[in-house]
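Okay, so here's the structure we're looking at.
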Amino acid sequence: MSVCLTGVGVSESRAQSTESRVLPPVSVDAPQQRARATRAVQPRATAQRAARVTPRQTTERPPAPVAPPPTMGSTRTIGAPAPAYAGGQVARGGTLGLLGSTSVMNTPFSTVNYTSQLIEDQQARTAADTLINDASVRTTTGANGFDDTFQIRGFPVNASDVGLNGLYGLSSSQRIPAQIIERIELLKGPGALINGIAPSGTVGGGINIVTKRATEQDFSRLTPFFMSSANYGLHLETSRRFGDNKEWGVRFNGVGRNGEASIDDGNFRSGLGALAIDYRGDRLRWTLDAISQNDNTDNFRPQISLSSFLGAVPAAPDARSNWYPGTKLRQKDNTIATGLEYDLTDWLTAYAGVGYRDGSNYQTFPVSTAAVDALGNFTVRNTYYDSYTKTVSGNVGFRSQFETGFIGHKVNVAYTGFYQEAGNAYIQGSTTTASNIYNPAPLPAVTATRTSPRLASESTLTSVAIVDTMSFLNESVLLTLGVREQNVKVDSFNTTTGAFTSGYDASATTPLAGIVVKPWHNVSLYANYAEGLTRGTIVGAGYDNTGAVLAPYKSKQQEAGVKVDWGLITTTAAVFQIARPSQIRTAGGVLGSLAYDGEQRNRGVELNAYGLILPNLRGMVSATFLKPELTNPSDPTQRGNDAAGVPDKTFSASLDWDTPWVRGLALNGRVIYTSGSYLTTANTAKFPDWTRLDIGARYTTTALTGKPVTFRATIENVTGENYWLTTGTYVTVGAPRTYILSAAFDF
């Protein structure tokens, strides 16, 4: 109650301070001439008097810089992002694909928009380190692994499905480095209408990365950093604006690192260069991003299959171990993307964007020919799995705002296009070796010739969409209706002969309906119905039907919730249901085949709160309760069972406190909890739950150089807990206790 009243009081006092006030008339008498005593005139005084009447030299002042155009609630998405909320860790809104830049309170979905301030203060290395602040998001791969794979509302979201400034396929297919990120925009639930179909068919939610732009204040910053066990690096960042009105902006981020990271006898070497250029005129806005990312890892974090017949899950091995010793991973990504907006009128904006990405992976790819048993035993065959992707992605459309009578409209008409060529080379070794996850044996050599990747598939995704958000009663009621016509064309080819093997060309319509009702200005009641569309899965390595193309399918979501902005704290609550076909590994053959099996229906409740708890205390807390139910499995005895690898309870909470006794010193902490999940859909064996504790501190001072210097120290997984990360029988382990130190010098 006190927090609520304080927020109301602050709002009222601010409102009062801006009111116009009428002052009573005041009469002023003309000054009267007074008789003064005659003084001797001093030469100095005469000189002063003469100087006083000399005409002043007028100097022409430079024009004031043009502020970046605001985006939230307008027809623009290029410009100043939505302002940060109280505490600075999340934003008041974000870009939401077809809905444009929108306030959280006006959105009929559950969304969170994380700021670069939070990313820096928690010392995130990739987007995954920040996204786990939301309880509905968990990672199923560990640090220094092949990629960042997420689970949102219990469904997988691959790294390849993360958008870059609203376009799919342009971000790295492995991980997004934190140094290029200005905002991380999280949408929970299917987003086929909002953003179009994702390359890998995301169902549980969408992630969009907004890249950094040149700021209003020029700066240069050098940040040396250290990560245990012995990984060192340097981050250079600079931002400048040019032109009479500061219309041109340039921002550069460069990162280099090398050394042992989180795996014994391993090495993680990485290089990143990111250049962002932008122009902002009265009506025209333009951006350009060029990103090059190169990662070389020796002994990367492995993944392995557990036997589906286990009566109990074996204990997780040491997080610093590698049960495939000697693995190597080389990953390269190069992206160039541009976006343009032009205000045709005050109410109509035309926009377009296009980008190209070239990515490649060269890796050792061990396969457990006999899955891990209860004692940790397995057999392994070593292989090479090299791959590449070449992607072109773009959009074009019109955003408008206008009124028809008493109804306001925000209409967006858009076309999106996506083309990706993918190739691979899968080279198998001829021998197998017995090993154990607690005492791994060296990998057997691959004697076959390592060949270059060849064309494996071509995917073309095109769509046309229209959406209208209608507002009534001074925006007290917002009704959103939209539809997207999506075409999916996928062809698969034999990587040895180049012959066409299978494919499909299908179209589908995905509708959306959402409503927001505001009984009070700070309360939003919302509901939505949304459909997701997933292209047919191209079965990857590790299955008997590798290379096959499964049929596309739809998913459906119903959601309702309430959002309350208390002034300094925002609370949200949502109930939802998402249903989609299940994917399983079938029995039989050597490795089993990937196939659909019935339906998985996830029903859940989400609770969230974030903001400024006290004047110097920022916080976030969220909880998700989930029932991942199999509603129509082929095995009737499993009806009502939980889906494999999906936890039913997750919690995330963090605090960041500016200490009162030392100016510039702040302390922070975070707790991540994930309940146990089942090994298989039979629900006979279960992974244990796990809790991760992170703590940190930072200190900012100008005493050293006259400009800000910020020292940061973080310990992740303070207790050193070993725990499984899983999607069912396919597992890895979480990162061990990790120390991160950095010092950011502005100059």
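Where a ≥ b ≥ c are the square roots of the eigenvalues of the C-alpha gyration tensor, would you call region 111-160 rounded, which needs a/c under 1.5, or, failing that, prolate if a/b is larger than b/c, or oblate?
Note, shape of region 111-160 comes out oblate.
Excluding Leu479 itself, calculate the net charge of residues whose Cβ lies under 14 Å from the Cβ of Leu479, where each Lys or Arg counts +1 and each Asp or Glu counts -1. Value of the local net charge: 0.
By how many nm would the segment from Ile336 to Thr215 grow when fully extended, if each residue of separation counts as 0.36 nm and the alpha-carbon distance is taken off?
Full extension from Ile336 to Thr215 adds 41.5 nm.
Semi-axes, largest first, in whole Å: what does sqrt of 5 times each Cα gyration tensor eigenvalue give for region 535-669?
Largest first, region 535-669 gives 43, 19, 13 Å.
Per-residue extension of 0.36 nm, minus the Cα-Cα distance of Asp358 and Thr701, leaves a gain of 119.3 nm for this segment. For region 644-699 versus region 191-208, the spacing of their alpha-carbon centroids is 26 Å. Please say if region 581-632 is rounded, prolate or oblate, where rounded means a/c under 1.5 for a ≥ b ≥ c the square roots of the C-alpha gyration tensor eigenvalues, and otherwise the choice is prolate for a/b larger than b/c and oblate otherwise? Prolate is the answer for region 581-632, as a/c is 1.5 or above and a/b outweighs b/c.
The residue among Val733, Asn668, Phe687 whose Cα reaches farthest toward the positive pole of the charge dipole of region 643-741, with charges on the beta-carbon of Lys, Arg, Asp and Glu, is Asn668. Rounded to the nearest 10 degrees, the inclination of helix 2-17 to the longest alpha-carbon principal axis of the chain is 40 degrees. Viscosity 0.692 mPa s, temperature 37 °C: give me the Stokes-Einstein translational D for region 699-739 in µm²/s, with Rh taken as the Kirkwood radius over C-alpha pairs. Translational D for this selection: 247 µm²/s. Full extension of the chain between Arg283 and Thr238 gives 13.5 nm of extra length, using 0.36 nm per residue less the Cα-Cα distance. Distance from the C-alpha centroid of region 93-115 to that of region 262-341: 27 Å, rounded to the whole angstrom. Counting only protein heavy atoms and a probe of 1.4 Å, the accessible surface of the chain is 58% carbon and sulfur. Summing +1 for each Lys or Arg and -1 for each Asp or Glu among the other residues whose beta-carbon sits under 14 angstrom from that of Tyr384 gives +4.
How compact is the chain by the rule of thumb for globular proteins, expressed as Cα Rg over 2.2 N^0.38 Å?
That ratio works out to 1.07.
Other residues with beta-carbon under 15 Å from the beta-carbon of Asp648 carry, at +1 per Lys or Arg and -1 per Asp or Glu, a net charge of +3.
Taking the Cα centre of the chain as the origin, how large is its charge dipole in debye, to the nearest 20, when only Lys and Arg (+1) and Asp and Glu (-1) carry charge on their Cβ atoms?
Approximately 2260 debye in magnitude.
For the chain, the longest principal axis of the alpha carbon atoms and the long axis of helix 43-53 meet at an angle near 60°. Compactness check for region 188-295: Cα Rg over 2.2 N^0.38 Å is 1.42.
When the helices of the chain are scored as -39500 (n - 2.57) per DSSP H run of n ≥ 4 and the total is divided over every residue, the value at 222 nm lands at -1500 deg cm²/dmol.
Rounded, prolate or oblate: pick one for region 186-244, where a ≥ b ≥ c are the square roots of the eigenvalues of its C-alpha gyration tensor, a/c under 1.5 means rounded, and failing that, prolate if a/b is larger than b/c, else oblate. Verdict is oblate for region 186-244. The residues of the chain expose on average 44 square angstrom of accessible surface per residue, using a 1.4 Å probe on protein heavy atoms.
The values are calculated or read from the model by the stated rules, or taken from the named source; none is laboratory data. Everything numeric here is computed off the predicted structure, so don't read it as measured data. With ideal geometry, Cβ positions are generated from the backbone for all residues, glycine too; neighbour counts draw on all protein chains shown. With ligands, DNA and RNA removed, areas are computed over all heavy atoms of the protein, side chains included. Shrake-Rupley method; radii C 1.70, N 1.55, O 1.52, S 1.80 Å.
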